[in-house]
1. Would you point out the residue of segment A:295-342, among those that are open to solvent by 60 Å² or more (accessible area, probe 1.4 Å) and either under 30 Å from A:L95 (Cα atoms) or among the acidic types (D, E) (or both), that is nearest to RNA strand B (Cβ to nearest atom)?
2. Please name all residue pairs, on different chains or six or more residues apart, with Cβ atoms under 7 Å, provided the first residue is in segment A:185-204 and is touching a residue at least 60 places away in the same chain (Cβ under 8 Å) and the second residue is open to solvent by less than 100 Å² (accessible area, probe 1.4 Å).
3. Would you pick out the residues in segment A:370-407 that are in contact with a helix residue (DSSP H, G or I) (Cβ under 9 Å, 6 or more places away or on another chain), more than 7 Å from RNA strand B (Cβ to nearest atom) and part of a helix (DSSP H, G or I)?
4. If I filter segment A:151-160 for residues that are closer than 20 Å to A:V270 by Cβ, in a helix (DSSP H, G or I) and among the small types (G, A, S), do I get at least one hit?
5. What residue, among those in segment A:24-48 that are out of contact with any strand residue (DSSP E or B) (no Cβ under 8 Å at 6 or more places or on another chain) and among the hydrophobic types (A, V, I, L, M, F, W, C), is farthest from A:F68 (Cα to Cα)?
6. Yes or no: segment A:187-194 includes at least one residue that is closer than 22 Å to A:F267 by Cβ and either open to solvent by 70 Å² or more (accessible area, probe 1.4 Å) or outside the structural domain of A:D260 (by TED's automatic domain parsing) (or both).
7. Please go through segment A:272-294 and pick out each residue that is out of contact with any Lys or Arg (no Cβ under 7 Å at 6 or more places or on another chain), buried (at least 24 other Cβ atoms within 10 Å of the Cβ) and under 17 Å from A:I144 (Cβ atoms).
8. Looking at segment A:256-369, what helices (runs of 4 or more DSSP H) fall wholly within it and have at least 3 residues that are outside the structural domain of A:D386 (by TED's automatic domain parsing)?
Amino acid sequence: MSLTAPKGTRDLLPPQTGVWRQVETCFAETCALFQYGEIRIPTFEYTEVFQHGVGDTTDIVQKEMYTFQDKGGRSLTLRPEGTAGVVRSFIEQGLSSRPYPVKLFYILNLFRYENVQKGRYREFHQLGLEAFGAPGPEIDAEVIALLSLFFERLGLRNICLHLNSLGTAACRQQYNEALRRYYQPHLEELCPDCQRRFEQNPLRLLDCKVAHDHELAQGAPLLFDYLDAESREHFDGVTRLLERWGIPYEIDKRIVRGLDYYSRTVFEFVSENVGTQGTICGGGRYDSLVETLGGQAVPACGFAIGEERLLMEMEAQGVLPSPQSPAGVFIATAEQAAVLPAAGLAQALRRRGISAAVDLCRRSLKAQMKYANRLGLPFSLVLGADELARGEAALRSMADGQEQPVRLDDPDRLAALINSAAPGAK
RNA sequence: GUGGAAUUAGCUCAGUUGGUUAGAGCGCCAGAUUGUGGCUUUGGAGGUCAUGGGUUCGAUUCCCAUAUUCCACCCCA
């Protein structure tokens, strides 16, 4: 038996989990400010949901899915992304009968069978949202405004917003043909990857890092020139709003997004601090996905933030919230006779919302004090024979060692005392 | 799927040009302090030297394979 977590997965332990929770809480609160509600969906779906939703030709479906048969012979897949499952739920639950737009956010763990590198794991986490039923550019811009506010609340700076439009499926197809016409004479010179891209996804040709191919891409036709009038108008609508809010953006004609379902607006937030996987957030509009998966034609828009990458960026910028020391009190017992009163007092304090712990290892008073110190608790409460005889305990401030007697029969007062001093605890 | 580097205590790392009981710092437990943490000091626990083969009188050390970690390609968050 191998006692290691499977490749590409990892354990998250306290106090690190507290940092994650703070980031997730901040996201949920920001979403609530824009009136999004949380959706929770299954960890696995029928495999077709992703085949049709993400697209049969994508890398995700072709080589990255954790697919298995259950005992009933059904083909199931651990979710490699959130959108397809949310759209499946939108259709199945009849959410199109809710008032539009339907605004949903999620915090999910996802699974992709890939080789591990910086900012990429086999199980990873995304903070994301989807908005259904709003056809205009206003929702695209608002979703970006939400992201902008979220990053601001986390204290992040200088995450570059890259913006592009892929147009409709029709003009993208025209453009793909134009690209092929442009590259056809040079087919032999292209790197093997690009020869494959030429067949499968010509848009990716623009993205190649090989020097020669990169040069060639400079002269390639621009997708912008193939946008229909409505897509142009839509795109202008997005940028107009971003400018109104003072949100900086950069038009990046190379961003393409890997998933088949995007149309018109696509965007990324990119950082230089996350290795070569610098995309912290990717999103855009997907007007035909609901229909593709068997629902009505409902336009939609969304994004996903890579939580691991977001945390890396926060660390690089030095804005990671420090893990919080526990608040509350450790009730130390100097005598066996104090164990029962200590247990009673601990529960009385907890009822009053004060975090309290007692010795569970039957250790010496000294060892108990050491324990309380190591946990970083602001207070300990010492119960011994002398104090018990007087109906008291000694409340000790761990920061300065000052002690004061407190009544054992007045937990309300004790709770108030601890609460009033707690905010100062580091 | 491909390529590079790495793997010694819970953590960060020394080390053995192949030789008997493998070390340090931090952390953990306990004592010095018979009712009190942090500083100091003393001691203790904790390692099949990633796993499996091979070479050798002898392998933690050399060789091969595998696993895992880190980084990169593809691609994505």
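The values are calculated or read from the model by the stated rules, or taken from the named source; none is laboratory data. Since the model is a prediction, treat every value here as computed from it, not as a measurement. Heads up, the Cβs are rebuilt from the backbone with ideal geometry, glycines too, and the neighbour counts pull from every protein chain shown. Keep in mind that these areas ignore ligands, DNA and RNA; they rest on the heavy atoms of the full protein, side chains included. Shrake-Rupley method; radii C 1.70, N 1.55, O 1.52, S 1.80 Å.
1. Ranking the candidates gives A:E335 first.
2. A:Q200/A:T57
3. Result: A:L388, single match.
4. The initial filter retains those residues of segment A:151-160 that are closer than 20 Å to A:V270 by Cβ, namely A:151-160.
Pick out the ones that are also in a helix (DSSP H, G or I) and you get A:151-154.
Filter once more, so that each one left must be among the small types (G, A, S): none.
Scanning segment A:151-160, I find no residue that is closer than 20 Å to A:V270 by Cβ, in a helix (DSSP H, G or I) and among the small types (G, A, S), so the answer is no.
5. The qualifying residue farthest from A:F68 (Cα to Cα) is A:L33.
6. Of the residues in segment A:187-194, the ones closer than 22 Å to A:F267 by Cβ are none.
No - not one qualifying residue is present in segment A:187-194.
7. Passing the criteria: A:C281, A:G283, A:Y286.
8. Values: elements: A:289-292, A:307-316, A:339-351.
Qualifying helices (runs of 4 or more DSSP H): A:289-292, A:307-316.
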